[in-house]
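S.K.: The structure is given below, and queries will be raised subsequently.
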Amino acid sequence: MVYVSVLSEEDKKSLNKVISSSKDKGYRNRCRAILLSDKRFTSKDIANICDIKRKKTVCEWIKTFKEFGILGLCSKPGRGRKNVM
C-alpha cells in the first residue's frame, strides 16, 4: 500500500483550504485523496470515494505529493479538453 507520511497540521490546513475554496474540481479531488491517505484509507477506497476509475492514479497523486508537496497537485496549464466558443 502507498500512503503519505504523517501530514503536519499546516499541510492539513492547506489541503482543507484548497478543498473548500478551489474552483478546480481535479485539484480538490487530489487534495481530498491526500487527506484520506493520511487517514490510512487504501488506494482502492480513495479511488471509490473520489470517483476515480484507476487506483494507480491515486498512487501517482500520492507520489507527486511526496515529491513536490501541495503545489505538485495543481492542474498544469494545457491539460484537458480545450473550451469551445
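No value in this document is a laboratory result; all are computed from the given coordinates. Bear in mind that the values here come from a model prediction, so they are computed numbers and not experimental data. Note that each Cβ is placed from the backbone with ideal geometry, even for glycine, and that neighbours are counted across all protein chains shown.
S.K.: For the pair Val84 and Ile49, how long in nm is the line joining their label points, each one 7 Å along Cα→Cβ?
M.R.: If labels sit at Val84 and Ile49, their model points lie 3.6 nm apart.
S.K.: If we count other beta carbons within 10 Å of each Cβ, what is the order of Phe68, Phe41, fewest first?
M.R.: Phe68, Phe41
S.K.: Would you list Ser20, Ser43, Ser75 from fewest to most Cβ contacts within 10 Å?
M.R.: Listed from fewest to most nearby Cβ atoms, that is Ser20, Ser75, Ser43.
S.K.: Can you give the angle from 0 to 90° between the axis of helix 55-68 and the longest principal axis of the chain, with both taken from C-alpha atoms, to the nearest 10?
M.R.: Long axis of 55-68 versus the principal axis of the chain: about 80 degrees.
S.K.: Further question on the same structure: Over the Cα atoms of the chain, what radius of gyration and what Dmax do you get, in Å?
M.R.: Computed over the Cα atoms of the chain, radius of gyration and Dmax are 12.8, 45 Å.
S.K.: 7 Å from Cα along Cα→Cβ at both Val6 and Phe68: what's the point-to-point distance in nm?
M.R.: 2.8
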